[in-house]
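The next block holds one structure in the form of structure tokens; read it before the comments.
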Amino acid sequence: MIRTLKLTAIASLMFAAGLATAADAIKVGVTGPYTGGSSSMGVSMRDGVRLATAEINKAGGVLGKQLQLVERDDEAKNERGVQIAQELINKEQVVATMGFINTGVALASQRFYQEAKIPVFNNVATGSIVTQQFKAPEFPDNYIFRNAAHDSIQAPMIVEEAIARRGFKKVAILADSTNYGQLGRDDLEKALAAKGVKAVAVEKFNVKDVDMTAQLLKAKEAGAEAILTYAIGPELAQIANGMTKLGWKVPMIGSWTLSMANFIDNAGPGGEGARMPQTFIQEPNTMKRKAFIESYLKTFKPKNNRIDSPVSAAQGYDSVYLLAAAIKQAGTTEGSKVREALENLQAKVEGVVTTYDKPFTHDDHEAITANIPVFGEVKGSKVVYAYEEDRKKGSDIRTKVAKQPAKK
């Protein structure tokens, strides 16, 4: 009975989110991994998108039309992402797409949207290059936007936490072999070099690897006092479990993916204390966040009342409101006009992560700046604020710091 009610609630939400006929709807693509190791992120993002879309449609839609979500599971596979991009553009004729969870899938797929002049919202993929793939002068206009903290923000935060705040002298880097992991590793090494530090061990592993003993032994033998990570949940859990087996416990400090449910649950006690940058922590410390969290939990009923990937859900939710504001300002769904509106949004958009006040310009498609994320910590099988001062100021909305023009 409970399962039936849950399915009915989700079905109702999907209807409210815009399962209207194509003639009277604005089609928006939603692509991410809803199965596999990245699914914590993908499903949470998709459900955040569904919530925002349902709210917007209930309030009358955009330009008098309902938003219709066209959802596709890219399985975290580059080739699948490419197929979906072509389908959404040519068959479904979406006016925009949001989602991309995995950096590699984004880099392989978004060129088709760029060629078609259809805006893309990367609301989870964090590889620094994602929004820089189509730069001037070769590409006068860029159709790729992001409202997640990219790795050039996260890597220096991770290094600052390990070296400056916690005083570790020797750190090892463990990163997976994907584009995400290796680009993140590169960003970590650059951030360490800026502080005059070199990792005592730099180790790589593959997705679905279950034994990290060799990599961990090299880090241990090199005297590592902390492990810096760039990977996704299941493999991160194997790192924590591997340390437990070796009887060697040092802190894990890594990218935001250490907050994923499939890291926390699979690592168990070994994951306690792991720290990571977060744009959103599941705390109802503003009215907007309280309403979002309550609506998410009521609708999707996640295990233990914990959103599997709170960051993904929040950023997915916000991306819909940003897109809706741009379409409304443009007065059309024409791609070039929506891009122009995004680059010069006149209305402030109150989101869950932040309040977006002119979040983009023609040359800056990053909505999140380094002052917005805080450090989260795994404690009691959920992510909480790592620092008390951040928790106390949790209701203070951190807003984007605009880039200063270069001095001539």
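The values are calculated or read from the model by the stated rules, or taken from the named source; none is laboratory data. No experiment lies behind these values; they were computed from the predicted model shown. Note: ideal-geometry Cβ built from the backbone for every residue, glycine included; neighbour counts use all protein chains shown. Note: areas computed on protein heavy atoms with side chains; ligands, DNA, RNA excluded. Shrake-Rupley method; radii C 1.70, N 1.55, O 1.52, S 1.80 Å.
The number of residues in segment 172-188 being open to solvent by less than 10 Å² (accessible area, probe 1.4 Å), touching a helix residue (DSSP H, G or I) at 6+ places or on another chain (Cβ under 7 Å) and either touching a residue at least 60 places away in the same chain (Cβ under 8 Å) or assigned to a helix (DSSP H, G or I) (or both) comes to 3.
Here the condition is being under 21 Å from residue 151 (Cα atoms) and hydroxyl-bearing (Ser, Thr, Tyr); of 213, 244, 178, it holds for 178 alone. Out of all the residues in segment 66-74, is one or more crowded, with 21+ Cβ neighbours inside 10 Å and within 16 Å of the chain's Cα centre (by Cα)? Yes. Take the conditions (1) open to solvent by 40 Å² or more (accessible area, probe 1.4 Å); (2) closer than 19 Å to residue 258 by Cβ; residue 375 misses just one of them, which is (1). For segment 37-56, the tally of residues that are open to solvent by 10 Å² or more (accessible area, probe 1.4 Å), β-branched (Val, Ile, Thr) and either at positive phi or touching a strand residue (DSSP E or B) at 6+ places or on another chain (Cβ under 7 Å) (or both) stands at 1. Going residue by residue through segment 182-192, is there one that turns out to be closer than 15 Å to residue 274 by Cα and of a type in the set (Asp, Glu)? So far as segment 182-192 goes, no, none of its residues is closer than 15 Å to residue 274 by Cα and of a type in the set (Asp, Glu). Once segment 214-231 is narrowed to residues that are out of contact with any strand residue (DSSP E or B) (no Cβ under 7 Å at 6 or more places or on another chain) and surrounded by 16 or more Cβ atoms within 10 Å (Cβ to Cβ), the residue that is nearest to residue 184 (Cα to Cα) is 216. Within segment 226-270, restricting attention to residues that are small (Gly, Ala, Ser) and farther than 24 Å from residue 33 by Cβ, the residue that is farthest from the chain's Cα centre (by Cα) is 247. Of the residues making up segment 103-114, none is within 12 Å of the chain's Cα centre (by Cα) and not in a helix (DSSP H, G or I).
Pairing each residue of segment 288-307 that is closer than 24 Å to residue 263 by Cα with any residue that is at pLDDT below 95 and in a helix (DSSP H, G or I), provided the two are 6+ apart or on different chains, yields C-beta distances under 6 Å for 297/305; 299/9; 299/13; 301/6.
Regarding segment 115-138, can at least one residue be identified that is in a loop (DSSP other than H, G, I, E, B), over 23 Å from residue 356 (Cβ atoms) and of a type in the set (Asp, Glu)? Scanning segment 115-138 turns up at least one residue that is in a loop (DSSP other than H, G, I, E, B), over 23 Å from residue 356 (Cβ atoms) and of a type in the set (Asp, Glu).
Return the total of residues in segment 35-73 being part of a loop (DSSP other than H, G, I, E, B) and either touching a Pro at 6+ places or on another chain (Cβ under 6 Å) or of a type in the set (S, T, N, Q) (or both).
Matching residues across segment 35-73 total 3.
Being within 19 Å of residue 333 (Cβ to Cβ), open to solvent by less than 10 Å² (accessible area, probe 1.4 Å), at pLDDT below 95 and more than 15 Å from the chain's Cα centre (by Cα) narrows it down to one residue among 18, 29; which is it? Answer to the selection: 18.
Of all residues in segment 110-130, those satisfying the criterion of being surrounded by 24 or more Cβ atoms within 10 Å (Cβ to Cβ), over 26 Å from residue 62 (Cα atoms) and in contact with an Asp or Glu (Cβ under 8 Å, 6 or more places away or on another chain) are 126, 127.
Restricting attention to segment 232-252, the residues that are surrounded by fewer than 16 Cβ atoms within 10 Å (Cβ to Cβ) and either among the aliphatic types (A, V, I, L, M) or touching an Asp or Glu at 6+ places or on another chain (Cβ under 7 Å) (or both) total 1.
Assessment of segment 368-387 against the conditions (touching a Lys or Arg at 6+ places or on another chain (Cβ under 8 Å) and over 21 Å from residue 149 (Cβ atoms)) yields at least one matching residue.
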